[in-house]
Amino acid sequence: MKAIRIHEFGGPEVLKYEDIPDPQPGPGEIRIKIIAAGVNPMDWKIRRGYISSLPLPMIMGLDVAGTVDIVGKGEVSFKPGDEVFAKVGIGKGGYAEYTVARAAEMARKPESIGFVESAAIPTAGLAAWQSLFDLAGLEKGQSVLIHGAAGGVGTFAVQFAKWKGAYVIGTASEKNAEFLKSIGVDEVIDYKNQRFEDLVGNLDVVLDTIGGDTFERSWGVLKPGGFLVTTVASIPEGEPEKRGVRAKSLMTQSDGKELAQIASIIDERKIKPIVATVLPMADAQKAHEMSEALHTRGKIVLRVREDS
Ligand SMILES: NC(=O)c1ccc[n+]([C@@H]2O[C@H](COP(=O)([O-])OP(=O)(O)OC[C@H]3O[C@@H](n4cnc5c(N)ncnc54)[C@H](OP(=O)(O)O)[C@@H]3O)[C@@H](O)[C@H]2O)c1
């Protein structure tokens, strides 16, 4: 099969478009014929070698959408031909014509959207869902500030929070203000010209996808007992207690049941994946360059086969 692999860590030039053997599903595994693969910042962080002890060569990518091709012995949840999407393990491969996954990592894709949009969901959608609901416990009527609201995680988080009935404030640059209002943000803060802590406070939840100074300044806008959840920073020991709030750093988990919940909300037309750029898989280098520029709106998706 064709796949994008790395043989060494480094810049986008280490991404190689190659022919490699098709993966074979073991007992309890499912082979997916991939039609589209989502791109995440995690992909270029892995490519750069930011995660230690990963074996090389490695197929890139975590998010896939496609059809079930072969079902391994003992697996009964899916059958050949099912249209699915999944967040697969590191190195299993998303930027490839086939991958293998476990039933627990996948779900039937939303019926109302195509494979390209479905491939945009897994990592960013699960990160937003797990941050807001599993960790912070966001509820109807609460307020949430979402940093990086126009990005992959942010565009899902905004829509999930609105679906839940929360009041949503989002930070982005001015060029994204109208777009963010169109997907449900109640208040947009232009982070380049405004300081969010001058404009909002006493919030129930902050979701930080930016880190650094943005993370540091976020403690002060929470109400007592409020929740700071971050996808990028580590929480200093004792800091939440000192501030009288709660805080957690997210480690997104593959979760087929949550993917199925997200798919059903999409099919109810309550939310939709935002895909800004679609490129052929062979252009993975370009996709990584775009993602590393840190200003993606929504998601970048690689088209693996033309039948999507
Ligand atoms: N821990 C986990 O399990 C987990 C899971 C998923 C993602 N992550 C991490 O979370 C981060 C976000 O992921 P993502 O997929 O959402 O990234 P992304 O799509 O690349 O985010 C790009 C967005 O960030 C915005 N942005 C850049 N600087 C900003 C700032 N200072 N303030 C507010 N917005 C800013 C940009 O908006 P403008 O163009 O308007 O500037 C752009 O829309 C990444 O570092 C990723 O690795 C972690």
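Points to keep in mind about this one:
- Verdict on His295 being in a helix (DSSP H, G or I) and under 22 Å from the mean Cα position of the chain (by Cα): no
- The residues of region 14-57 that are among the charged types (D, E, K, R), within 15 Å of Ser291 (Cβ to Cβ) and touching a residue at least 60 places away in the same chain (Cβ under 8 Å), listed by number, are Asp43, Arg47.
- Listed by first and then second residue, the pairs with beta-carbon distance under 8 Å, at least 6 apart or on different chains, first residue in region 283-295 and outside the structural domain of Ala172 (by TED's automatic domain parsing), second assigned to a loop (DSSP other than H, G, I, E, B) and more than 9 Å from the ligand (Cβ to nearest atom), are Ala284/Leu15; Ala284/Met60; Ala284/Tyr95; Gln285/Leu15; His288/Leu15.
- Some residue of region 125-148 being closer than 15 Å to Gly66 by Cβ, assigned to a loop (DSSP other than H, G, I, E, B), within 15 Å of the ligand (Cβ to nearest atom) and not charged (D, E, K, R): no
- Criterion applied to Ala172, Ala120, Ala150, Ala177 was being of a type in the set (Gly, Ala, Ser) and under 23 Å from Gln253 (Cβ atoms), and the one residue passing it is Ala120.
- Top-ranked residue in region 112-124 [being part of a helix (DSSP H, G or I) and buried (at least 24 other Cβ atoms within 10 Å of the Cβ); ranked as nearest to the chain's Cα centre (by Cα)]: Ala124
- Odd one out for Ala282 among (1) among the hydrophobic types (A, V, I, L, M, F, W, C); (2) out of contact with any His (no Cβ under 6 Å at 6 or more places or on another chain); (3) assigned to a loop (DSSP other than H, G, I, E, B): (3)
- Among the residues listed as Ser264, Ser254, Ser308, the single one being at pLDDT below 95 and either among the small types (Gly, Ala, Ser) or within 12 Å of the ligand (Cβ to nearest atom) (or both): Ser308
- Close pairs (9 angstrom Cβ cut-off, 6 or more residues apart or separate chains): on the phi > 0 side of the Ramachandran plot in region 194-216, of a type outside the set (Gly, Ala, Ser) and within 12 Å of the ligand (Cβ to nearest atom) anywhere: Gly211/His147; Gly211/Thr230; Gly211/Thr231; Gly211/Val232; Gly212/Val232
- Those residues of region 122-160 which are among the β-branched types (Val, Ile, Thr) and under 20 Å from Ala247 (Cα atoms), in sequence order: Val144, Ile146, Val153, Val158
- A single entry from Pro240, Pro236 fulfils the requirement of being buried (at least 16 other Cβ atoms within 10 Å of the Cβ) and farther than 20 Å from Tyr167 by Cα: Pro240.
- Search result, residues across region 247-271 that are crowded, with 19+ Cβ neighbours inside 10 Å and part of a loop (DSSP other than H, G, I, E, B): Leu250, Thr252, Ser254, Asp255, Ile271
The values are calculated or read from the model by the stated rules, or taken from the named source; none is laboratory data. This is a predicted model, so every value here is computed, not measured. No Cβ is skipped: glycine too gets one built from the backbone with ideal geometry, and neighbour counts run over all protein chains shown.
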